[in-house]
Every structure is written in structure tokens, then in C-alpha cells.
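The structure appears right after this line, and notes come after that.
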């Protein structure tokens, strides 16, 4: 009886996998033979991030915690949900808040903003944990010193991505968190109005550093958090920082492979 | 009974007590490594989970913990505890193996396996589980949205995003040019410098504690105490006016904390000599601050040199200060870079204890040019 149902199904499956369409996408058979296990890694651009074979201890969950992979996956989730959010959001003081309210109340099954926000929080934590793992296994040691440095820059980019995104809902939580955070820039040595030694940068009687041109002004695009800040943070959040992060991730992954794959005892 | 317990927890969460307990606890755990066992991890997690769950009945605790943007902090607490334990546990197990006849686990399993299926299936599973977690989290909990932005109405307390609250907490002890600019820069530079300072060839590619004690103790003190603990207490325990509030305390906006902080110059001129602070011009300011300048200079520039001396140059009781073996092993450049970064890091706890013990505000204070340390 079961056979009567399964036989045509398996025939249809065979028909499909033998078709020109299927074989044009997948250049080899199922990865059950060693040959095909190697081919699947080499013929797929995404799987090609991996080597064909790897040391057994290195790919154990208890060793890597999969934390780097999870961080990358969260980055992809954030890129995807962020893209959808961009359809609905206008980065102006006039519309930003109202667009977020619309997004919550009028978009069917609207959990894109939730996925984006909780995913962003989660990514900050997984980056920390990934670094904890890399440190605790001594994986920054030669030959991986440079890649650890790239990783530190990626940590900074993650925090900056989260920080710039924090402003976009344009609610009280957003502007005051950014105000508190960016007030620190006022105290930059030499370059902030209230920073050490900046008063010594003068041209005759004219002070070169003032609230209209100091480090905080460069960050905010204004003397206080306002429309220029919103636009600036939006562009950095949606274009500048993700591009930088994607670029460095490419270097990071490439170097993982070139420095000998997942670390292990020499 | 419950009130007594709550008072005890409120008292123990105060910055002074919490920081001291956490630091001593961490150091004790490095000394008595048997505490990183499975049993103590289970006990610890049960205690933490019970404490957390039971506390939900307290309205003040619930109010702060259940705030949507504070949910990640609860995640940080449990995840950081778990993964620190997990790393240390595996390290100590490996140390036992290599102390006996065996080899570390990572070396035992050094044969090569096919990445398909062994790794790609793990990754697939991780993606599926993470997707489910994110979806459930997002369905259950709406992202926060407060009142529309109003530049004229600043909330009290105004807090940075949670991952920067360690830096905001530093503002209690340092001026913004240090807490907000210099220290973050040093954290980034210091992290990137780690592989170039640390010349210990052991412990590369496997969990261990015994072979990398100094590195792990310093890193985990920085990560767990100076970063995570400050983030957690900055989120949960700092209320209006950045005053401290225990986890079961009501955030009273009108609570007034007396600020009686004094500078080193006040200690020297006013309290010790009984004279007013020198005034008038650049040299008077230098004279006013000479002791503080000397202290900071000695800490940053003389102490590293002294620490490089061999042990027999130190009097008994101070021999632990000698880092001569590091100087020998690492060479002058690495040694001075490493020790300077370490001393910079330790300046935070030092300043904290100076504040708590003597109400010390600034060691060096030139408010005229915003140069206060």
C-alpha cells in the first residue's frame, strides 16, 4: 500500500533531479559519496567559505560555540529585515516617528521591526561571546594576529551599527540615548569644545574649536541632535557601516581559511 | 524575613560592595579551580534562576528587568556566566589531561572529517534554532517605542544604549575626555595589541587555564568585571541622577546624594597645610597640582620601570610587584606597551576605590583647560 504511494513519488523525484533545470543548478549528485562531498563544497559559492575537510575537534560545537557563524547569520537577518524596514521608513524629523507607528499598527504580521531590534541586541552579545571564545582558546596567537585585529574592528562596527540604528525611531529613548552618547565627543582632546587643550588652538584671538565645528558637531551634523543627525545616522546605518562591515567580513572569513582554518593545537 | 533579604540584596548591590565581592569572587575562582565543575555550575545556575524568578514578584525589580530594551541584559548575565564557565571548565579538564598521561582533547581529535555533513548540519541547525528563538521573541515582545522625540524634555535618568553603559558608569569616576574618548580608544587599541604583546606560545588552539594564567586572569577581569558588571549595574542599578538604587528599591527622583568630593590639591594645601589653594596664573596652577602630577607621572612612567626590576631589589612584601620575568621574556617594547595598557586598565578600579575610600574627585585638576584626571 505504502509502496503504491511512494513509488510514483520517487519516480517523480528522479525525473526532477535528472531534468536539465536541476542539473544546471546542482552540478553533481547528492553529497553521500566522498567525491560529491568535495564537489558540493567547491561548486557552491556560499559553501565554498568552508574547506572540504576539517579537523574533528575544530568543528565541534563545544569548541567554536558556532558563535562566529551565528553572528554572521544575524548580520544577514538584519540586512534582510533592515531592507524591508527601509520600504516604510522616511528619515525626517517630520515622518520618522509616525512611520514607525504605522509599521507597528498597520503592517500585517508586522514583526520586522522586532526581528531587527532583537536581532541587533543579540548580535552585540554574540560578537562578545565569539571574542570570548577566540580569546579563551588562544586563537588570536600566530598566525592569526591580524585576523583578531580585523575582528576588533568588526566589533566596533557592530556597536556603531547598533548605535546609529538606535536613533532612527526618533522617540524619547532614541534621541536622549544618542544625546548622552554623543555628548562625550565634546570632550575630545584638542577637537572638542570642552576637551583638554582645545582652547589652545587659536588664531590670534579667535578660538578655532567651537560648538559649530568640533568633534561632536561632526558626529551630529548640528549643535544638537536634529534633522542633520537623523539623516547622517540613517545613511551610515543603512549604507556606510554595513558596506564597511561586509567588506571586513569578507577579509575576516578569507583570512580564517588562509591562516589555516579553525584553530587547533599545533 | 523577606524584607531583611531584600535589604541585604540592596546593600550587596551597592557599587562598592558589588564590585568588591565580584572581584574577590573571580580571583578566588582562579585560585580554587575546582569551582569550575559541573556541579557548582548547576548549583549556581539554579540559585541565579530562582533569585531571578522569585524577584519578579517585587514591583521595582520587575519594572526595571522587564523593560523591553533591558531584556538583552538578562541574556548577557546568563549567557556570559554560562560561556565563561564552559570555557574555564574545558580548560581545566584539558589541564588535568595534560598533567596526566593524556593530551588535550583538541589534540586527541585531530583527524580530518568531511565538512559536509559534520559542520554544515551543525550550522543549519544553529540557523534554524536561532530563527525560531528570534521569531518567538519578536512575536511575544514588541520593540519599545516611547513618546515622540522632544528635545526640550530630557528624561531622568538619560541613558546611552545598554552596551555603552560601562562607559557611562566610568563617567562617575572620570571626566568625559577619559571615560568617553581616551578609554574607549585604549580598549580598541589594547584589544588589537593583545596578539602582539602576548608572546606565550602555549595554549594556541585549545582550551587551557594552567598554561595561560596571567593572560586569562587579566582578560576575564577586564571583560567580566570592568565591562559586563558595569554594563549590568549601569542598566539595572543606576536610577535618576545616575544615583545608585538597589534592585528592590523604588527609583525616587527626589533622592539627594551629598557630593562632597575633594581633589588631591585640597588634601595637600587645605587639609594638610591649612592654606588656601595657590591662585593666579599658570605657575600657581602647576604649584597647586604638583602632588597630583607627581602621582600620575609616577604611576604611568616610573612604576613600569620599577616593575621591570628583578625580585631581589624589592623589599619583602612587595616582591609580587616585580615583573622582571616578563621583561626578560617579552623584551622592552612589548613589556612597556603591555604594562602601560595594563596600568591604564587598572586605573579604573584604583580611581573607584580612591573615590569610595577618600571621596577623591580629581588627582590632577586643571578645570581651566578641561584637563582633569
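The values are calculated or read from the model by the stated rules, or taken from the named source; none is laboratory data. Note that this is a predicted model, so its numbers are computed, not measured. Please note: Cβ atoms are built from the backbone with ideal geometry, for glycine as well, and neighbour counts cover all protein chains shown.
Summary of values
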item	result
Single match in B:15, B:72 (criterion: within 11 Å of chain A (Cβ to nearest Cβ) and under 24 Å from the mean Cα position of the chain (by Cα))	B:72
Condition met for residue A:55 (touching a strand residue (DSSP E or B) at 6+ places or on another chain (Cβ under 7 Å), surrounded by 20 or more Cβ atoms within 10 Å (Cβ to Cβ) and in contact (Cβ under 8 Å) with a residue 24 or more places away in the chain)	yes
Unmet criterion (only one of (1) part of a loop (DSSP other than H, G, I, E, B); (2) closer than 20 Å to residue B:16 by Cβ; (3) away from every other protein chain (no Cβ under 12 Å)) for residue B:225	(1)
Matching entry among B:320, B:290 (being without any contact (Cβ under 8 Å) to a residue 40 or more places away in the chain and over 29 Å from the mean Cα position of the chain (by Cα))	B:290
Single residue of B:41, B:49 found to be touching a helix residue (DSSP H, G or I) at 6+ places or on another chain (Cβ under 9 Å), assigned to a helix (DSSP H, G or I) and surrounded by 13 or more Cβ atoms within 10 Å (Cβ to Cβ)	B:41
Qualifying position, being within 7 Å of chain B (Cβ to nearest Cβ), surrounded by fewer than 20 Cβ atoms within 10 Å (Cβ to Cβ) and touching a helix residue (DSSP H, G or I) at 6+ places or on another chain (Cβ under 8 Å), among A:197, A:190, A:173	A:197
Residues that are out of contact with any strand residue (DSSP E or B) (no Cβ under 9 Å at 6 or more places or on another chain) and surrounded by fewer than 17 Cβ atoms within 10 Å (Cβ to Cβ), drawn from region B:245-266	B:250, B:251, B:252, B:253, B:254, B:255, B:256, B:258, B:259, B:260
Residue that is surrounded by fewer than 19 Cβ atoms within 10 Å (Cβ to Cβ) and at pLDDT below 95, where the choices are B:162, B:177, B:242	B:242
Among (1) at the interface with another protein chain (Cβ under 10 Å from one of its Cβ atoms); (2) without any contact (Cβ under 8 Å) to a residue 12 or more places away in the chain; (3) more than 27 Å from residue B:27 (Cβ to Cβ), the one test that residue B:259 misses	(1)
Residue match in region B:264-273 (condition: part of a loop (DSSP other than H, G, I, E, B), more than 30 Å from residue B:84 (Cβ to Cβ) and in contact (Cβ under 8 Å) with a residue 24 or more places away in the chain)	no
Residue A:143 vs. criteria out of contact with any helix residue (DSSP H, G or I) (no Cβ under 8 Å at 6 or more places or on another chain) and in contact (Cβ under 8 Å) with a residue 12 or more places away in the chain	yes
Options A:129, A:168; residue that is in contact (Cβ under 8 Å) with a residue 40 or more places away in the chain, within 24 Å of residue A:245 (Cβ to Cβ), at the interface with chain B (Cβ under 7 Å from one of its Cβ atoms) and in contact with a helix residue (DSSP H, G or I) (Cβ under 7 Å, 6 or more places away or on another chain)	A:129
So residue B:358, is it more than 20 Å from residue B:219 (Cβ to Cβ) and within 14 Å of chain A (Cβ to nearest Cβ)	no
Residue tally, condition assigned to a helix (DSSP H, G or I) and closer than 24 Å to residue B:140 by Cα, over region B:52-86	24
Selection count where residues are at the interface with another protein chain (Cβ under 7 Å from one of its Cβ atoms) and part of a helix (DSSP H, G or I), scope region B:121-152	9
